[in-house]
Amino acid sequence: MIDVKGLRTRKGSDDWLELAINSNKDTVDQLKELKPIIKFYYNKYEKLLRNQASEPQTSAVLAHSAILKSYYTSPPKDLGIQIKARRENDELSQCPFCGRPGYPRILDHFLPKNRWPEYSLLKNNLVNQCSACSSKKSESYFCIKNSSPKFIHPIYSSVLSKLELEFSINIPNPLDIKQFEISLEIKIPPHYSVKTQKRVKLHIQSLEIRKYAIEHAERTYLEWIKKSLLRRVDILDMLKNNIILNEKLHNNDWTICLQKAMSQHPILIRHFEQHLP
Ligand SMILES: [Zn+2]
């Protein structure tokens, strides 16, 4: 996963709220009345994230939920442009929550807007996400069993970008490389506290990252095997070049880590050497 802490805006930033208040939407007077309490909540946001032992209290503005959410779901023009730009951030080439390759085109409300509508427009509460993570996370936030939030906030913690992925490929019969099993170890650097390690494990579990990364690896594996059978390019050379070009940037990139495992596997090395152009 990539480090996306750069997406964070300064504490107390409320420029989206200002855009909403300066619009001519029909509920703007009600929003103006709510402004002091929303700003009060904005100032508490980072403290809420730090307090990981209990779920944030029930929102005091739930009665105004429909109005608050409407500025996000059908925003006035200027605000809509900004929300769209954040959603379609082309600099993100993988999901900040799980690392899935591809543009994560969903904006997730880290504190779900249906439960804490005061954060509907807080930029730092909005993080890009892939559709698989979105369906897993949805309205959930806190895990009572573990007394901990289920997810790591990618723009407040860089721990996800420090994980290391190691795929192992088992090919029982060297003559049939299309029969294989892939397993995955996700390593958390040991210097993180026991508490952080637990939180990362819960994040991985809650989003089923292992399952999705293995499914991606299985598809990628078969694509490379298919390519090798065409004998058009030196696959081993291509894999090694991809790794050299990307290793420093993505030591936990799903695709690169799989390519590493493939390029070091004796059975696959032999296969690729036998299928040179
Ligand atoms: Zn994801």
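Return the only residue of PHE110, PHE151 being closer than 18 Å to SER65 by Cβ and either within 13 Å of the ligand (Cβ to nearest atom) or not hydroxyl-bearing (Ser, Thr, Tyr) (or both).
Every option except PHE110 fails the conditions.
Quick check on this structure: which one of PRO149, PRO189 is of a type outside the set (D, E, K, R), modelled with pLDDT under 95 and crowded, with 20+ Cβ neighbours inside 10 Å? So the residue among PRO149, PRO189 that is of a type outside the set (D, E, K, R), modelled with pLDDT under 95 and crowded, with 20+ Cβ neighbours inside 10 Å is PRO149. Residues in region 88-107 that are surrounded by fewer than 22 Cβ atoms within 10 Å (Cβ to Cβ) and hydrophobic (A, V, I, L, M, F, W, C) were compared, and the one that is nearest to the ligand (Cβ to nearest atom) is ILE106.
Residues considered: LEU79, LEU107, LEU68. Of these, the only one that is modelled with pLDDT of 95 or more and within 17 Å of the chain's Cα centre (by Cα) is LEU107. Among the residues of region 116-128, are any free of Cβ contacts under 8 Å to residues at least 40 places away in the same chain and either crowded, with 19+ Cβ neighbours inside 10 Å or within 10 Å of the chain's Cα centre (by Cα) (or both)? No; the residues of region 116-128 include none that is free of Cβ contacts under 8 Å to residues at least 40 places away in the same chain and either crowded, with 19+ Cβ neighbours inside 10 Å or within 10 Å of the chain's Cα centre (by Cα) (or both).
Residues in region 207-225 that are touching a residue at least 60 places away in the same chain (Cβ under 8 Å) and touching a strand residue (DSSP E or B) at 6+ places or on another chain (Cβ under 8 Å) were compared, and the one that is surrounded by the most Cβ atoms within 10 Å (Cβ to Cβ) is ILE209.
Over 19 Å from GLN259 (Cα atoms), of a type in the set (Gly, Ala, Ser), within 15 Å of the ligand (Cβ to nearest atom) and not assigned by TED's automatic domain parsing to the domain that holds ILE209, is that true of SER134? In short, yes. A residue that is in contact (Cβ under 8 Å) with a residue 40 or more places away in the chain, out of contact with any Leu (no Cβ under 9 Å at 6 or more places or on another chain), surrounded by 13 or more Cβ atoms within 10 Å (Cβ to Cβ) and not hydrophobic (A, V, I, L, M, F, W, C) occurs nowhere in region 73-84.
May I ask you to verify whether ASN146 is in contact (Cβ under 8 Å) with a residue 12 or more places away in the chain, closer than 19 Å to LEU34 by Cβ and not β-branched (Val, Ile, Thr)? Criteria not met by ASN146.
The values are calculated or read from the model by the stated rules, or taken from the named source; none is laboratory data. These numbers come from a predicted model, not from an experiment. Heads up, the Cβs are rebuilt from the backbone with ideal geometry, glycines too, and the neighbour counts pull from every protein chain shown.
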